[in-house]
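These notes concern the structure reproduced below.
The values are calculated or read from the model by the stated rules, or taken from the named source; none is laboratory data. Predicted model, so just to flag it, every value in this text is computed and none were measured. We place every Cβ from the backbone using ideal geometry, glycine too, and count neighbours over all the protein chains shown.
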Amino acid sequence: MDRDENLIRSIAPDVLRVLEREGFFEALDDQLCPEDIGRKAAVCDGGFSLSRGILAKNGHDTEAIDDIISVLAFMGGCCDCEILYNVAGESRLKSRYWKAEAGHRQGRTHEGDPSL
């Protein structure tokens, strides 16, 4: 494990506590999966543009934002939407995905066995 990975691992619990306290995950979820279904959802661009905007709005400077993004990426959040899928404990985005999957997979059988 290199020095950067040790640093990221050591600050991760504190970073997550700060993000939880600030409502970061909820704010990101509100952009990618608005509670009001009439409001248009933002689209993940494969990067962290939405997250960076929220973090800046919350008063974090560029260096802190880079640290936060490093922690989120280390934990499996490789982009804005993956933060909600892999790092956030709960999110509407993750919930809607699995509800859609359950509906899509309903009625499928395994190897032709209708009991599965």
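Just name the residue that is surrounded by the most Cβ atoms within 10 Å (Cβ to Cβ) out of those in the range 62-82 that are under 15 Å from residue 18 (Cα atoms) and among the hydrophobic types (A, V, I, L, M, F, W, C).
Applying the filter and picking the extreme gives 72.
Just to check your reading of the model, which residue among 22, 5 is more than 13 Å from the chain's Cα centre (by Cα) and surrounded by 13 or more Cβ atoms within 10 Å (Cβ to Cβ)?
22
Which pairs do you get when a residue that is within 16 Å of residue 26 (Cα to Cα), found in the range 52-77, comes within reach of a residue that is part of a loop (DSSP other than H, G, I, E, B) and of a type in the set (Asp, Glu), reach meaning Cβ atoms under 7 angstrom, with the pair 6+ apart or on two chains?
Within 7 Å, no pair qualifies.
Per-residue answers, yes or no, for (1) under 18 Å from residue 90 (Cβ atoms); (2) aliphatic (A, V, I, L, M):
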site: 20; (1), (2): yes, no
site: 32; (1), (2): yes, yes
site: 47; (1), (2): no, no
site: 53; (1), (2): no, no
site: 57; (1), (2): no, no
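Please enumerate the residues belonging to the range 58-83 that are out of contact with any helix residue (DSSP H, G or I) (no Cβ under 6 Å at 6 or more places or on another chain), of a type in the set (A, V, I, L, M) and not in a loop (DSSP other than H, G, I, E, B).
Across the range 58-83, the qualifying residues are 64, 69, 73.
Of the residues that make up the range 27-38, is at least one over 12 Å from the mean Cα position of the chain (by Cα), hydrophobic (A, V, I, L, M, F, W, C), surrounded by 16 or more Cβ atoms within 10 Å (Cβ to Cβ) and at pLDDT 95 or above? Please lay out each step first, then the result.
From the range 27-38, those over 12 Å from the mean Cα position of the chain (by Cα) are 34-38; that's our starting set.
Checking which are hydrophobic (A, V, I, L, M, F, W, C) leaves us with 37.
Right, trim to surrounded by 16 or more Cβ atoms within 10 Å (Cβ to Cβ) and you get none.
For the range 27-38, residues over 12 Å from the mean Cα position of the chain (by Cα), hydrophobic (A, V, I, L, M, F, W, C), surrounded by 16 or more Cβ atoms within 10 Å (Cβ to Cβ) and at pLDDT 95 or above: absent.
Any residue at all in the range 42-57 that is at pLDDT below 95, over 16 Å from the mean Cα position of the chain (by Cα) and part of a helix (DSSP H, G or I)?
No, that holds for no residue.
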